[in-house]
1. Consider only pairs whose beta carbons are under 9 Å apart and that are at least six residues apart or on different chains; among these, list those whose first residue lies in region 44-72 and is surrounded by fewer than 18 Cβ atoms within 10 Å (Cβ to Cβ) and whose second residue is of a type in the set (Phe, Trp, Tyr) and assigned to a loop (DSSP other than H, G, I, E, B).
2. I want to confirm something. Restricting to region 117-139 and keeping residues that are acidic (Asp, Glu) and part of a helix (DSSP H, G or I), which single residue is farthest from Ala42 (Cα to Cα)?
3. Take the conditions in contact with a Phe, Trp or Tyr (Cβ under 7 Å, 6 or more places away or on another chain), of a type in the set (Gly, Ala, Ser) and in a helix (DSSP H, G or I) and apply them to Ala151. Does it pass?
4. Is it the case that region 135-142 has a residue that's buried (at least 18 other Cβ atoms within 10 Å of the Cβ) and either in contact with a Phe, Trp or Tyr (Cβ under 9 Å, 6 or more places away or on another chain) or of a type in the set (S, T, N, Q) (or both)?
5. Got at least one residue in region 61-78 being farther than 16 Å from Gln161 by Cβ, charged (D, E, K, R) and modelled with pLDDT under 95?
6. For region 89-114, which positions are within 14 Å of Asn142 (Cβ to Cβ) and free of Cβ contacts under 8 Å to residues at least 24 places away in the same chain?
7. List pairs: first in region 194-205 and in contact (Cβ under 8 Å) with a residue 12 or more places away in the chain and part of a loop (DSSP other than H, G, I, E, B), second surrounded by fewer than 16 Cβ atoms within 10 Å (Cβ to Cβ) and among the charged types (D, E, K, R), Cβ under 7 Å, 6+ apart or cross-chain?
8. Just to verify a result, which residue in region 171-209, among those that are under 22 Å from Ala70 (Cβ atoms) and basic (Lys, Arg), is farthest from the chain's Cα centre (by Cα)?
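The values are calculated or read from the model by the stated rules, or taken from the named source; none is laboratory data. Worth saying up front: this structure is predicted, and the values here are computed from it rather than measured. Glycine gets a Cβ as well: all are built from the backbone with ideal geometry, and neighbour counts include every protein chain shown.
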Amino acid sequence: MEKSDLATLIKGRRSIRLWQDKPVSEEQLLKAIELATYASNAGNQQNWHFYLILNREVIKTIADAVQDSANYVVSLPEASGFSEIAVRMLKGAGFFRHAPAGIAVASSQYQSPLDKILEAREKSNPEDNKAAQMRRWRNSANSRTQSAAAAIAYLLLILHQMGLGAVWMTGPMQAKGSIEKILNVPSGMDLIAYIPVGYPAETPALRPRKPIQEVCEIIK
C-alpha cells in the first residue's frame, strides 16, 4: 500500500450508525479482528478479548440493556439541565440493535512491574506522597485501556477497508454489568467498548478536523 492510499483510507473512514439488512461474513470479521491484534499493546500482554456477536437476538438484548440504562439517566431530575440534543441521544442509545453484527471488546486486568512496586510502596508507607502521585498519574493513562484502544483503532480502519461500516461506542459502558452477564465475560476481565458492524446504509459527511496548528505544539 502506498502512503497516499493509507491517507485516503484514514480520511475516508466514517462512524456508521445505519446499516443494510445484510449479513456479514463471519470469516471476514474474524480476519479483521485477527489483523487488529497486531496493534501495539502494553508489555506485549495482548490482554484483549473480542466477542464477535452474530446472533441478532443477543445484539437486541444488549441494545435493550443499554437503552434501559439510558432511560434511567434521562429520568433523573439532573438530566433536565442538559441540552435537548444530549437527551435525544440518550433516548436513542439502543440504535445499534439493527446492526447485523457486533464486536464487544474486553480486556483482562494487567499491572506492570512498576505499578506493582508503587502499589507495594503505598501499602508499606502510606505517607510516601510521591509514590501515590506517580500511581495516580499512571492510572490516568491506564495501559490496558490504551492497548484495547489501539486494537480498536486498527479494527475500524480494517473494517472500513473491507467495505464495512462501524462505530466505536463507549456509551454501552453504562450497562457494563448487564452486557458482561449476557456475554458471560469472566471475572478479571472488563468490557471496554462495543462496536456495531455491517454494510453501511449511509454516507456521513466528513466533520471538519481542527487545524494541525491548534492540536500540535512543536518543541525545538
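1. Close Cβ pairs satisfying both conditions: Gln45/Tyr110.
2. Glu122
3. yes
4. no
5. Taking region 61-78 as the starting set, the residues that turn out to be farther than 16 Å from Gln161 by Cβ are 61-78.
From what's left, charged (D, E, K, R): 64, 68, 78.
From what's left, modelled with pLDDT under 95: 68, 78.
Within region 61-78, one or more residues are farther than 16 Å from Gln161 by Cβ, charged (D, E, K, R) and modelled with pLDDT under 95.
6. The answer is Gln111, and nothing else.
7. These pairs meet every condition: Tyr199/Lys22.
8. The extreme case among them is Lys181.
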